[in-house]
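Just so it is clear, none of the values below were taken in a lab; they were calculated from the coordinates. Here the structure is a predicted model, which is why all the values come from computation and not from measurement. We place every Cβ from the backbone using ideal geometry, glycine too, and count neighbours over all the protein chains shown.
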Amino acid sequence: MGDEDPTGIECRLDELLSERGMTLTRLSEIVDVSVVNLSVLKNDRARAIRFSTLLAICEALDCEVGDLLVRAQL
């Protein structure tokens with residue numbers, strides 16, 4: 001993770017987008033969250049996420065929360 005204060009959670013957004021052939025920009029349009037905020041999540045720099053945002057991302061990517069967020073190998 002390369003962060004001084006790791007959360008212990010890793011976001012697999014990049015992998016899920018790649019598997020679905022979707023761009024971060026397109027996901028941003030679908031879930032109505034800025035590209036900047038999604039990028040923070042994608043790069044494991046987020047410290048919190050709203051359940052409504054989490055649900056919207058999972059619906060857009062047709063995945064479960066556990067597919068998106070996993071325990072990091074520290």
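Arrange Ser39, Ser52 by Cβ neighbour counts within 10 Å, fewest through most, would you?
Least crowded to most crowded, the residues run Ser52, Ser39.
Taking the Cα centre of the chain as origin, sum charge times position over the Cβ atoms of Lys and Arg (+1) and Asp and Glu (-1), and report the length of that vector in debye to the nearest 20.
So the magnitude is around 140 debye.
Let me have the relative contact order for the stretch 9-69, percent, based on Cα pairs under 8 Å that are six or more residues apart.
47
Just flag the trypsin sites (Lys or Arg not before Pro) in the chain sitting in loop per DSSP whose Cβ has no more than 13 other Cβ atoms within 10 Å. Please list the in-between numbers first.
Numbers: sites: Arg12, Arg20, Arg26, Lys42, Arg45, Arg47, Arg50, Arg71; in loops: Arg12, Arg45, Arg47, Arg50.
For trypsin sites (Lys or Arg not before Pro) across the chain that sit outside H, G, I, E and B with at most 13 neighbouring Cβ atoms in 10 Å, the list reads Arg45, Arg47, Arg50.
What is the log10 of I(q)/I(0) for the chain, computed with the Debye formula using one identical point scatterer on each Cα and no solvent, at q = 0.12, 0.16, 0.19, 0.20 Å⁻¹?
Debye curve over Cα of the chain, log10 I(q)/I(0) at q = 0.12, 0.16, 0.19, 0.20 Å⁻¹: -0.29, -0.52, -0.74, -0.82.
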